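A short reminder: the numbers here are calculations on the coordinates, not readings from a lab. Here the structure is a predicted model, which means the values were calculated and not measured. Neighbour counts run over all protein chains shown; Cβ positions are idealised from the backbone, glycine included.
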Amino acid sequence: MKIIDTHAHLQSEEFNAILDDVINRLGIVEKVFLATSHISDIKKACEIAHKYDNLYFFAGIHPHYASEFKIGDLDTIEGYLKDEKCIGIGEIGLDYFYNYAPKDTQKTLFSNLLDLAIYNNKWVSIHIRDATKDAIDILSTKENLKAIIHCFSGDLDLLKLALEKNYLLGIGGVVTFKNSLIRQNITKIPLKNMVLETDAPYLAPVPKRGKINEPSFLQYTINALGDLLEIETIEIAQITYTNSLRVLNDK
């Protein structure tokens, strides 16, 4: 059995001293896709991806940093898209929970980065928090977009759009949290649209909640999915692995 972690931040400082150990503990995780948040973050993720054969990276600007965006950053990201280890743009999106950047600034940057991905025929990894309506409004206008909705919350309006657009939906440790919306709505998500993720070092699954998350902890997420969906974990692994390869094979 092999699986892919489609969203992790192994370039984060939490892993500076333990990255080799984390890679050695991957277990059934065959590949990891790194998501990035700002320009300097992309540089570090790129370096790590070239150090380890089984790591790849997205180049993106998180909505938290939308106010720091400079026009030249689009050229920088487009330059990274030419790198053999770069699989797309991300993580990008909208975050109205913290509102570290004005909503209009976030929306403009999100739309521009989606257009850049479409122009370059690249995948995007999308972060949406407390901003579902505006995200749907923007995404509804984008044709031929190849997208993963990172850390899918279980919102049914967003699910409807994602299925219409054939997006992939990232399922991570939150599905092990007892009262989470995604746990309640997980049976509504077709396996053909599902990929696995950790968001490491964040959102560690039960029974590792509160610890530094890492790709090997995906074992707990896939076990929870097996219980909730009443499907053998090997079948979930095979389908989500194939889904994740879409990102690598069509980059």
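Name the pairs whose Cβ atoms lie under 7 Å apart, with the first residue in the range 133-152 and touching a residue at least 24 places away in the same chain (Cβ under 8 Å), the second of a type in the set (Phe, Trp, Tyr) and assigned to a helix (DSSP H, G or I), and 6 or more positions between them or separate chains?
Ile138/Phe110
Quick check on this structure: which one of Asp227, Asp199, Asp250 is over 18 Å from the mean Cα position of the chain (by Cα) and of a type in the set (D, E, K, R)?
Within the list Asp227, Asp199, Asp250, the selection yields Asp227.
Kindly indicate which of Ala66, Ala59, Ala49, Ala101 is of a type in the set (Gly, Ala, Ser), under 27 Å from Ile18 (Cβ atoms) and in contact with a Ser or Thr (Cβ under 9 Å, 6 or more places away or on another chain). Write out each step before concluding.
Details: Ala66 fails: under 27 Å from Ile18 (Cβ atoms); Ala49 fails: in contact with a Ser or Thr (Cβ under 9 Å, 6 or more places away or on another chain); Ala101 fails: under 27 Å from Ile18 (Cβ atoms).
Testing whether each residue is of a type in the set (Gly, Ala, Ser), under 27 Å from Ile18 (Cβ atoms) and in contact with a Ser or Thr (Cβ under 9 Å, 6 or more places away or on another chain) leaves just Ala59.
For every residue, the table says whether it meets (1) farther than 26 Å from Leu218 by Cβ; (2) among the small types (Gly, Ala, Ser); (3) in contact with a His (Cβ under 9 Å, 6 or more places away or on another chain); (4) not in a helix (DSSP H, G or I).
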position	(1), (2), (3), (4)
Gly90	no, yes, yes, yes
Ala135	no, yes, no, no
Leu158	no, no, no, no
Gly170	no, yes, yes, yes
Gln184	no, no, no, no
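Filter the range 184-205 down to the residues that are touching a Phe, Trp or Tyr at 6+ places or on another chain (Cβ under 7 Å) and either surrounded by fewer than 17 Cβ atoms within 10 Å (Cβ to Cβ) or among the aliphatic types (A, V, I, L, M) (or both) and list them by number.
Across the range 184-205, the qualifying residue is only Ala204.
Collect the residues in the range 59-77 that are buried (at least 16 other Cβ atoms within 10 Å of the Cβ) and part of a helix (DSSP H, G or I), keeping them in residue-number order.
Keep residues of the range 59-77 that are buried (at least 16 other Cβ atoms within 10 Å of the Cβ), which gives 59-66, 69, 73-74, 77.
Pro63, His64, Tyr65, Ala66, Asp73, Leu74, Ile77 - these are the residues of the range 59-77 that are buried (at least 16 other Cβ atoms within 10 Å of the Cβ) and part of a helix (DSSP H, G or I).
Count, please, the residues in the range 11-58 that happen to be assigned to a helix (DSSP H, G or I) and not small (Gly, Ala, Ser).
Matching residues across the range 11-58 total 19.
From the list Glu143, Glu230, Glu197, Glu235, exactly one residue is closer than 20 Å to Ser37 by Cα and among the charged types (D, E, K, R). Which is it?
Residue meeting the stated conditions: Glu197.
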